[in-house]
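I have placed the structure first, in the form of structure tokens, so that the comments after it can refer back to it.
The values are calculated or read from the model by the stated rules, or taken from the named source; none is laboratory data. Source: prediction; values computed, not measured. When we count neighbours, we look across all protein chains shown, and the Cβ atoms used for this are built from the backbone with ideal geometry, even at glycine. Quick note on the areas: whole protein, heavy atoms, side chains included, nothing else; ligands and nucleic acids left out. Shrake-Rupley method; radii C 1.70, N 1.55, O 1.52, S 1.80 Å.
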Amino acid sequence: MDPRELRNVMGHFATGVTIITTTDKSGKAFGLTANAFTSLSLDPPLVLICVDKKVDCYACFEESKVFVVNFLSEDQEHLSKRFATKGIEKFEGVVHRFGKSGPPLLDGAMAHIECKLISGHDGGDHTIYVGEVLDATIASDRPLLFFKGKYYQLPQNN
Ligand SMILES: Cc1cc2nc3c(=O)[nH]c(=O)nc-3n(C[C@H](O)[C@H](O)[C@H](O)COP(=O)(O)O)c2cc1C
């Protein structure tokens, strides 16, 4: 299958947008924009994320064994773009706090899911990480949506 055509077809799957945060072993925060997130199991409570083996913070997941999934709100498109940009100080000016697990929880996110990494599985150029949910909270009901490379919001009456 031609990779460009595959990317085009996959772009037709509408998703929300997350920023996954983690830390290195010294506690320094890292984060990346990701839409490869899935709720996996309720009992036990598990989620999965898919992380490109080339991301700058790739080693951090195994080092810290914790990550936070921040579901972005409709007004956080700028954060999605920021955390998908290589080589910048991503957290500069980004308001956040720390939860129980260690990685940052971004202010204004629609929901926060704090996870303990319990396994990693090879997935081609990505690694599939399974996380056990330690804590999950909702702050609003207005998600940022992503479809065919563009950002959308729900209609106001939803
Ligand atoms: C909407 C959107 C969704 C993305 N989803 C993922 C994803 O699920 N997994 C991933 O590894 N990268 C994903 N990316 C790409 C990363 O955010 C991007 O490569 C980022 O710069 C990687 O972090 P780094 O700069 O620390 O290397 C996505 C980017 C965008 C804009």
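The selection criterion, being more than 10 Å from the ligand (Cβ to nearest atom), surrounded by 13 or more Cβ atoms within 10 Å (Cβ to Cβ) and not aliphatic (A, V, I, L, M), holds for GLN76. Just a yes or no: is a residue in region 20-41 in contact with a Cys (Cβ under 7 Å, 6 or more places away or on another chain), open to solvent by 40 Å² or more (accessible area, probe 1.4 Å) and modelled with pLDDT of 95 or more? Yes, some residue in region 20-41 is in contact with a Cys (Cβ under 7 Å, 6 or more places away or on another chain), open to solvent by 40 Å² or more (accessible area, probe 1.4 Å) and modelled with pLDDT of 95 or more.
Does GLU92 meet the test of being open to solvent by 80 Å² or more (accessible area, probe 1.4 Å) and either closer than 17 Å to ALA34 by Cα or assigned to a loop (DSSP other than H, G, I, E, B) (or both)?
Spelling it out, GLU92 is indeed open to solvent by 80 Å² or more (accessible area, probe 1.4 Å) and either closer than 17 Å to ALA34 by Cα or assigned to a loop (DSSP other than H, G, I, E, B) (or both).
Among the residues of region 136-158, the ones that are over 18 Å from LEU79 (Cα atoms) and either open to solvent by less than 50 Å² (accessible area, probe 1.4 Å) or small (Gly, Ala, Ser) (or both) come to 1 in all. Taking LYS54 as the residue in question, decide whether it is in a loop (DSSP other than H, G, I, E, B), near the ligand (Cβ under 8 Å from one of its atoms) and farther than 18 Å from GLY131 by Cβ. Against the criterion (in a loop (DSSP other than H, G, I, E, B), near the ligand (Cβ under 8 Å from one of its atoms) and farther than 18 Å from GLY131 by Cβ), LYS54 qualifies. Just one of (1) within 23 Å of ALA14 (Cβ to Cβ); (2) in a helix (DSSP H, G or I) fails for ILE49. It is (2). When region 63-73 is limited to residues that are of a type outside the set (A, V, I, L, M, F, W, C) and either in contact with a helix residue (DSSP H, G or I) (Cβ under 6 Å, 6 or more places away or on another chain) or within 18 Å of HIS126 (Cα to Cα) (or both), the one that is surrounded by the most Cβ atoms within 10 Å (Cβ to Cβ) turns out to be LYS65. If the condition is being open to solvent by less than 20 Å² (accessible area, probe 1.4 Å), within 20 Å of GLY87 (Cα to Cα) and in contact (Cβ under 8 Å) with a residue 60 or more places away in the chain, then region 42-62 contributes VAL51, PHE61.
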